[in-house]
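Heads up: the structure comes next, in C-alpha cells.
The values are calculated or read from the model by the stated rules, or taken from the named source; none is laboratory data. Owing to the predicted nature of the structure, the values given are computational and were not obtained by experimental measurement. Cβ coordinates were reconstructed from backbone atoms using ideal geometry, including for glycine residues, and neighbour counts include every protein chain displayed.
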Amino acid sequence: MDIQIYKNIFDKSPLGYALHKIIIDEKGTPIDYQFLDVNIAFERMTGLKISEIIGKTLKQVLPNIVNDSFDWIKAYGQIALNGTEMEFEQYSETLKKYYKIYVYSPEKYYFITTFIDITSLKQDKNNFKN
C-alpha cells in the first residue's frame with residue numbers, strides 16, 4: 001500500500017501529529033530532537049508554522065523550552081531510545097497550553113506524538129471548582 005495514503009490520514013486528522021528524531025550526546029543522553037514531519041493540526045494547536053520548523057531542532061524553534069518544569073527532551077528521549085510508549089497530560093509553559101499526548105517509538109531514535117489541546121477543558125474545570 002502507498003505510504004502517501006497513511007500520510008494523508010495524518011494530514012487530515014484533527015489530532016496534532018509530529019514525527020521526530022532524538023539527538024543524543026557522546027554518552028547517549030538525549031539533548032534535543034529534530035522535527036521531521038508535522039500536520040496542519042499540529043500547527044494549529046501549537047502556533048508553530050510547519051515551514052519554519054521542519055528540519056530544525058526543538059531548541060532552535062523554542063529555545064526557552066529548557067526552562068519548562070517538565071523535561072520534554074528527557075521524556076521523549078527515553079521513549080525513542082527504549083522503543084516504548086506513553087500517554088499523559090502536560091502543560092507547556094512555553095506554549096501556555098495543556099495537551100493530552102500519546103507518544104511512541106516506531107524505531108530506535110525516532111518518536112511520534114499525537115495530541116490534542118485540552119487547555120479549554122482544564123480552564124473550564126478550574127472555573128467550575130471556583
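Select the strands (runs of 3 or more DSSP E) contained entirely in region 13-130, then report the ones holding at least 1 residues which are of a type in the set (Gly, Ala, Ser). Break it down into steps so the answer makes sense when it comes.
Working: elements: 16-24, 30-38, 85-92, 97-104, 110-117.
Ranges flagged: 16-24, 85-92.
Are there any pairs, at least 6 apart or on different chains, whose C-beta atoms fall under 6 Å, with the first in region 40-56 and buried (at least 19 other Cβ atoms within 10 Å of the Cβ) and the second part of a helix (DSSP H, G or I) and at pLDDT 95 or above, and if so, which?
Ile53/Val61
I'd like the full set of residues that are in contact with a Phe, Trp or Tyr (Cβ under 6 Å, 6 or more places away or on another chain) and among the β-branched types (Val, Ile, Thr), limited to region 66-98. Step through it out loud before you land on a result.
Step one: of region 66-98, the residues in contact with a Phe, Trp or Tyr (Cβ under 6 Å, 6 or more places away or on another chain) are 76, 79-80, 85, 87, 90-91, 98.
Selection gives Ile79 alone.
Test each condition in (1) more than 25 Å from Gln123 (Cβ to Cβ); (2) surrounded by fewer than 18 Cβ atoms within 10 Å (Cβ to Cβ) for Phe111 and report the one that comes out false.
If we test Phe111 against (1) more than 25 Å from Gln123 (Cβ to Cβ); (2) surrounded by fewer than 18 Cβ atoms within 10 Å (Cβ to Cβ), just (2) comes out false.
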